[in-house]
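Data block below; observations after.
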Amino acid sequence: MRLLLIALVAALALLYVTLGLRFGYVTLTPTWLVGAQGQNRYVLEVYEDGQRVGYRGRCAVQSGRAVLRLLAPDGRQIVGRTCQRVGDRNEWTLHLVGGGQPGRYQLVVDFDAYTGLLDLAETRQ
């Protein structure tokens, strides 16, 4: 049992050093991130002309930076937002919505030693 506990602690330490710790699922629940690194992608399918899709929510930054970009089906960036601490301000409202053409839209989130809360909800109009 002691060996199992040591292995679990070692695995968490390795995860923290390489990717950071994440508690939640970004597009479903408010997610706490500690030292998050790397990139996450979330896909939204649009089947009708004129439909708009995206994410709304907020981020509360303790340290680091998260860059959120919504990409159109052709790969161009529709809208983007950076979550990082600026002076005394550490909480931001996010509104990443675009659309118009059918296809696969992607939300790309790039983390750079991000510690804080990321709370996003899918929206369709």
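The values are calculated or read from the model by the stated rules, or taken from the named source; none is laboratory data. None of the values given here were measured: they were computed from a predicted structure. Quick reminder, even Gly has a Cβ in these numbers, built from the backbone with ideal geometry, and neighbours come from all protein chains shown. Side chains are part of the model used for accessible areas, which takes the heavy atoms of the whole protein and leaves out ligands, DNA and RNA. Shrake-Rupley method; radii C 1.70, N 1.55, O 1.52, S 1.80 Å.
Sites listed here are chymotrypsin sites (Phe, Trp or Tyr not before Pro) in the range 59-125 whose DSSP assignment is loop and whose Cβ has at most 14 other Cβ atoms within 10 Å, and the list is empty. Going through the range 50-102, which trypsin sites (Lys or Arg not before Pro) have at most 11 other Cβ atoms within 10 Å and a DSSP loop state? Sparse-neighbourhood loop trypsin sites (Lys or Arg not before Pro): 76.
Exposure check, 1.4 Å probe, all protein chains in place: residue 4 carries approximately 120 Å² of accessible surface. Spin-label model, residue 62/residue 113: points 7 Å from Cα along the beta carbon direction are separated by 1.5 nm. Here the spin labels are modelled as points 7 Å beyond Cα on the Cα-Cβ line, and at residue 90 and residue 49 they lie 4.9 nm apart. The GluC sites (Glu not before Pro) of the range 22-125 that DSSP puts in a loop, and whose beta carbon has at most 14 other beta carbons within 10 Å, are 48.
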